[in-house]
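The values are calculated or read from the model by the stated rules, or taken from the named source; none is laboratory data. Values in this document were obtained by computation on a predicted structure and should not be read as measured data. Don't worry about glycine lacking a Cβ; one is built from the backbone with ideal geometry, like all the others, and counts go over all protein chains shown.
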Amino acid sequence: MKWFLVALCIIWVNSLDLEDNEGQLGDGLPELYDGDMLLTPEQKLILSLDEKDLWRVSHRNLIYRWPDKTVPYVYGAGPIDGLTNDEKNKVRAAMRYIESKTCVKFRGRKGQRDHLIIAKGKPGCFANTGRTRFARVNLGEERCFKHGTIVHELLHILGFAHSHQAPNRDDYVDIKWENMNKSTKFPFKKLPSKDWTMLDLPYDYASILHYSRKAFSINGKDTIVPKEEGVEIGQRIRLSELDIKRVNKYYKCPEQK
Ligand SMILES: [Zn+2]
């Protein structure tokens, strides 16, 4: 029954007028889903039905994977959303870095309906998860233009959630709920294994999509504690080996890339 409802939902949201979505984007961005992941109107709709279904459709069904292994993108424009040339160069460098490790490509939009907008009109650094009609990376503060942060956001765009939300994470990390605000607990929520595929890859402490020990801490104490001693988490320098494998597997890249 749930599947049927989700299917209905998808058919319905896909038939929404362009203006509806534009209005959502123009009047205020979709709300933050988990700290730095945005929900589009259609994702929110699906989420309101049953939050688990968001993950089912985004990952199991693969409808949010970009076709032709290519993300068409445009930059935001104007005094609010526009990027400087220097900022665009940093974004391009992050794209080229991902391209150098995977078979995924970022290309200027040529009329594709679903595309990525890279803009900086809102405070904070955040992104949609996966392909949508108006996927958005928002780089609203200077800190957002760090290479690793841009790479992190672009990985969300490619369809990936945070690594510490993996279904098997309780075997690898302890979440200290008492050290965070109620409103920021969602990004730490575990994704259900029946709806979320790990792509047969192991848990990844080194992922660029893993939060750090003190992420969203309200008291200076750790919010994520690795079970394995001496392990570092939360790096924002490079794609881990498993990040690269994950992207390549999800996009069916040739083995040797
Ligand atoms: Zn994130």
Return the residue satisfying two criteria in turn: it lies in region 211-230 and is assigned to a loop (DSSP other than H, G, I, E, B) and hydroxyl-bearing (Ser, Thr, Tyr), and of such residues it is farthest from the ligand (Cβ to nearest atom). 223
Out of (1) surrounded by fewer than 19 Cβ atoms within 10 Å (Cβ to Cβ); (2) at pLDDT below 90; (3) under 18 Å from the mean Cα position of the chain (by Cα); (4) not aromatic (Phe, Trp, Tyr), the one residue 182 does not meet is (3)
When you check residue 99 against the structure, is it surrounded by fewer than 21 Cβ atoms within 10 Å (Cβ to Cβ), at pLDDT 90 or above and more than 23 Å from residue 242 (Cα to Cα), yes or no? no
Give me the residue from region 89-110 that is touching a residue at least 24 places away in the same chain (Cβ under 8 Å) and among the basic types (Lys, Arg) and, out of that set, farthest from residue 237 (Cα to Cα). 110
Could you tell me whether region 148-156 includes any residue that is away from the ligand (no atom under 15 Å from the Cβ) and either farther than 28 Å from residue 249 by Cα or surrounded by 20 or more Cβ atoms within 10 Å (Cβ to Cβ) (or both)? no
Pairs, first over 20 Å from residue 203 (Cβ atoms) in region 164-188, second at pLDDT 90 or above and assigned to a helix (DSSP H, G or I), C-beta under 8 Å, six or more apart: 185/177
May I ask you to say which residue of 151, 137 is closer than 25 Å to residue 67 by Cβ, within 14 Å of the chain's Cα centre (by Cα) and in a strand (DSSP E or B)? 137
From the option list 233, 237, 208, single residue qualifying as away from the ligand (no atom under 14 Å from the Cβ) and either within 17 Å of the chain's Cα centre (by Cα) or in a loop (DSSP other than H, G, I, E, B) (or both) is 237
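Take residue 207 and decide whether it is of a type in the set (Ser, Thr, Tyr), closer than 28 Å to residue 147 by Cβ, out of contact with any helix residue (DSSP H, G or I) (no Cβ under 8 Å at 6 or more places or on another chain) and at pLDDT 95 or above. I'd like the intermediate steps shown before the answer.
Working: of a type in the set (Ser, Thr, Tyr): yes; closer than 28 Å to residue 147 by Cβ: yes; out of contact with any helix residue (DSSP H, G or I) (no Cβ under 8 Å at 6 or more places or on another chain): no; at pLDDT 95 or above: yes.
The answer is no for residue 207.
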State which residue is farthest from the ligand (Cβ to nearest atom) when the search covers only region 189-203 and only residues that are among the charged types (D, E, K, R) and under 21 Å from residue 177 (Cα atoms). 190
